[in-house]
Structure formats: structure tokens, C-alpha cells
Amino acid sequence: MADEPTDFYQQVFENNRRWIAEKKASDAQFFEHLAQGQSPEILYIGCSDSRATAEELMGAQPGQVFVHRNIANVVGIADLNALSVIEFAVAHLKVKHVVVCGHYECGGVKAAMQARDLGLLNPWLRNIRDVYRFHKAELDGIADEGARYRRLVELNVEEQCLNVIKTAVLQKSVLATGLPTVHGWVFDVRTGELIDLHVDLGAKLDDIRGVYDLGTER
Ligand code: CO
């Protein structure tokens, strides 16, 4: 049985009508322009967590950001959804930036740190458990559990950035045009701050290609 509608649910359509009026008040042609097409500058890959909104925390307007969200901002090797989003954003929309944005207090990362059977979520969370295994020495060396949890959030972002640059579409585009640039960010839900981890992926691309070279020509 479905949950009872919440108070917020009751407001949604009213909010939508107010939003339309506000947009038209500041730009009478707002929706005519929107209907002409999209040319977003950023592909944002983030967590589905309701607190880690993509557009609102960046102050982005409709048309500016192409968005993909899933549990714990994972770019999985067999995830046709995420890989199709990357393919379309890089090859067709020609975004200039690809961002992987994690967030502190991420339930997906926390679940992956616990020894529990979570059913269908097990294979998904294994992506993050693998990140823990890659960085086990560093993480096990952090005594404070909260600090270790935050560090895993950051390392997961870095590893998912690497998964982005392992794709052929990304390698081909960067070698041909120098773009897009890949960035790793963390959103701190406790302060609202967006933190750039300054993952130097340009330097890592040659390393990655040493192993994951997909025959893309220089
Ligand atoms: Co999350």
C-alpha cells in the first residue's frame, strides 16, 4: 500500500505554477528558450541523496547541468545507465567538465563500511567496498571512525573519477580536444560547502592509459 501523501506532495503542483510565474516574470521568453535545446557545460554525477541536490547547491539554472545520480555516485563498469550518460554528455553534448560529486554523511558509503547483508544492494555496495580494499592500508590507519568514513567518501569520489577516465569516449575526447576536464568534489551537508578535491586527473590519464588503453590514437 502506498504511503499517505505528505504535506510536501500536496504542494508540488502549486509550487510548479508559482515557479512558472517567477521564471516568466524575470524572462518572458524563458520557456521558449528552454524548448530550443540544451547545451550544458557540466556533466554532474552525484548521489541520489535528497540533501545533495545537484542544481540548487551550484546555483545552476535549467539547461546548464546534465545530471546523473545514483546511490553513492558510482560509475560502474557494467552500468549501462551511467556509461550511456557519460557517452551522450561527452560525445554528443560535448560538455567541458565532468564532475563526480560525493557527499559527507553518505548512507551508501556508510552501508558499505558495515558488515551486513543488504540483499540487492550488495553488488552495488561492492563498488564501494572495492574502493575500501584498494585503500585499506590508509583507511585502517585512521583511528577515528568518522574521519575514516569521510576519507572513504573522498576516496570513492577519486576512484569514480578514474572510472570516468577509463572510458573510451573520455580518452578519445581528451586526446582530440583536451576536454572535458574531470573533477572530484565533495558536498558537506553539515555546512553546505562544496569542496574541490583537486584530483589531478590530467596527470593520471597517462597512467590509466598504460593499463586501460582502449586503442584511442593520440
Ligand atoms: Co549518498
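The values are calculated or read from the model by the stated rules, or taken from the named source; none is laboratory data. In this text the structure is predicted, and so the values were computed from the model without any measurement. Glycine also receives a Cβ, built like all others from the backbone with ideal geometry; neighbour counts cover every protein chain displayed. Keep in mind that these areas ignore ligands, DNA and RNA; they rest on the heavy atoms of the full protein, side chains included. Shrake-Rupley method; radii C 1.70, N 1.55, O 1.52, S 1.80 Å.
Among residues other than residue 200 whose Cβ falls under 13 Å from its Cβ, what is the net charge (Lys/Arg +1, Asp/Glu -1)?
Values: positive: 204; negative: 158, 196, 206, 207.
With Lys, Arg at +1 and Asp, Glu at -1, the neighbours total -3.
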Check your understanding: Using helices alone, what [θ] at 222 nm do you get for the chain, with -39,500 (n - 2.57) per DSSP H run of 4 or more residues, divided over all residues and rounded to the nearest 500?
Key -> -14500 deg cm²/dmol
Check your understanding: Any idea how far apart residue 18 and residue 188 come out in nm if each label point goes 7 Å out from Cα toward Cβ?
Key -> 3.1 nm
Revision key, fill the gap. Rg/Rh of the chain (Cα atoms, Kirkwood Rh), to two decimals, equals 1.01
Check your understanding: Which of 23, 166, 110 moves most in a GNM of the chain, Cα contacts under 10 Å?
Key -> 23
**Study point:** Whole-percent carbon and sulfur share, accessible surface of segment 96-142, 1.4 Å
**Key:** 56 percent
Exercise for review: Would you kindly derive the ³J(HN,Hα) couplings of segment 134-142 from the backbone phi angles with the Karplus curve 6.51 cos²θ - 1.76 cosθ + 1.60 (θ = phi - 60°), listing them in order in whole Hz, with x for Gly and Pro?
Suggested key: 4, 10, 4, 4, 5, 5, 5, x, 9
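Over the chain, what is the percentage of antiparallel beta bridges among all DSSP beta bridges, to the nearest 5? It would help to have the intermediate numbers written out before the result.
On the way: 3 of 21 bridges.
Counting only bridges with both partners in the chain, antiparallel ones make up about 15 percent.
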Point to revise | With every protein chain in place, segment 166-216: carbon and sulfur % of accessible area (1.4 Å) | key: 53 percent
Exercise for review: Compute the accessible area per residue over segment 1-128, keeping the other protein chains in place, probe 1.4 Å, unit Å².
Suggested key: 62 Å²
**Study point:** Two-site FRET efficiency, residue 138 against residue 92, from Cβ-Cβ distance with R₀ of 35 Å, rounded to 0.05
**Key:** 0.40
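How high is the FRET efficiency between residue 168 and residue 120 when r is their beta carbon distance and R₀ equals 35 Å, given to the nearest 0.05?
Values: r = 29 Å, r/R0 = 0.84.
The value I calculate is 0.75.
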Check your understanding: When ligands, DNA and RNA are left out and all protein chains stay put, how many square angstrom of accessible area per residue does segment 157-218 have with a 1.4 Å probe?
Key -> 51 Å²
Check your understanding: Cα to Cα, under 30 Å, and not fewer than 8 places away if on the same chain: which lysines meet these conditions relative to residue 96?
Key -> 23, 24, 166, 172, 204
